[in-house]
Amino acid sequence: MNTLISTLMSTNAGYGITLLRIVTGLTFAAHGAQKLFGWFGGYGLEGVAQWMESIGITPGYLMAALAGSAEFFGGLALVVGLLVRPAAVSLLVSMVVAAVTVHWANGFFITNNGFEYAMILGLISAVLIIEGAGKLSLDRAIARRSAAQTERPAVAGLFAFRVSFPGSSPAAPPRPDAGARARRNVPRRDWRW
């Protein structure tokens, strides 16, 4: 389990990804709030559901709830930096669906309701999947803690092995027998730590 957590939440990305993640998360959360709650001039869940039904995305209420939830909760996850990769996957799927079903027929440019905005948000989501959450994130803190807890038992086990069997060292050469030591007048070596 610790390996899964470390893999899922690890990141070597810097402060730039952190800034990009937070701003993108706020953007997604605002758009999700429009869809779910009608905030910021949005139509709310009922209005978005009716609109989705009208363009052939059915069942409209379920699809509006899924899209709004992915954007709102996924955006909040990006802002705090928790479970960024799974959140980014849901946001990428949402943006691909939006680009293909709503914006593709209108061409590239946003001025004609084209797919460029959905494409850029989807691209940022893909970058977050690859790079992780960045330096200032809960994911990084959890991954570091998980890695530290994984290493502790291994180190403690190695120490216990050394204490229990002080003469056994995989790096130490085998001990010469007592007769050979006496013949060479070599002082006895202590191979323990």
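Can you name every residue in the stretch 1-18 that is open to solvent by 80 Å² or more (accessible area, probe 1.4 Å) and touching a residue at least 12 places away in the same chain (Cβ under 8 Å)?
Residues of the stretch 1-18 open to solvent by 80 Å² or more (accessible area, probe 1.4 Å): 1, 3-4, 7, 12, 15.
If the condition is that a residue be open to solvent by 80 Å² or more (accessible area, probe 1.4 Å) and touching a residue at least 12 places away in the same chain (Cβ under 8 Å), then Thr3, Asn12, Tyr15 are the ones that fit.
Screening the candidates Val79, Val89 for the property of being part of a helix (DSSP H, G or I), modelled with pLDDT of 95 or more and open to solvent by 50 Å² or more (accessible area, probe 1.4 Å) yields one hit, Val89.
Screening the candidates Ser69, Ser94 for the property of being among the small types (Gly, Ala, Ser), surrounded by fewer than 17 Cβ atoms within 10 Å (Cβ to Cβ), touching a helix residue (DSSP H, G or I) at 6+ places or on another chain (Cβ under 9 Å) and within 21 Å of Trp51 (Cα to Cα) yields one hit, Ser69. Examine the stretch 139-146 for a residue that is polar (S, T, N, Q), open to solvent by 80 Å² or more (accessible area, probe 1.4 Å) and assigned to a helix (DSSP H, G or I), and state whether such a residue exists. No - not one qualifying residue is present in the stretch 139-146. Across the stretch 147-165, a minimum of one residue is classified as outside any helix (DSSP H, G or I), of a type outside the set (Ser, Thr, Tyr) and modelled with pLDDT under 55.
Against the condition open to solvent by 50 Å² or more (accessible area, probe 1.4 Å) and modelled with pLDDT of 90 or more, how does Ala105 come out, does it pass? Yes: the conditions hold for Ala105. Across the stretch 42-49, a minimum of one residue is classified as of a type in the set (Val, Ile, Thr), modelled with pLDDT of 95 or more and surrounded by 19 or more Cβ atoms within 10 Å (Cβ to Cβ).
Taking first residues from the stretch 109-121 that are open to solvent by 80 Å² or more (accessible area, probe 1.4 Å) and partners that are in a helix (DSSP H, G or I) and among the polar types (S, T, N, Q), the Cβ contacts under 9 Å between residues at least 6 apart in sequence or on separate chains come to Asn112/Asn106. Restricting attention to the stretch 1-57, which residues are closer than 15 Å to Asp139 by Cβ, part of a helix (DSSP H, G or I) and small (Gly, Ala, Ser)? Once the filter is applied, which keeps residues that are closer than 15 Å to Asp139 by Cβ, part of a helix (DSSP H, G or I) and small (Gly, Ala, Ser), the stretch 1-57 yields Ser6, Gly25.
The values are calculated or read from the model by the stated rules, or taken from the named source; none is laboratory data. Please read all numbers here as calculations on a predicted model, not as lab measurements. As a convention, Cβ positions derive from the backbone with ideal geometry for all residues, glycine included, and neighbour counts pool all protein chains shown. Surface areas here come from the heavy atoms of the whole protein model, side chains and all, with no ligands, DNA or RNA. Shrake-Rupley method; radii C 1.70, N 1.55, O 1.52, S 1.80 Å.
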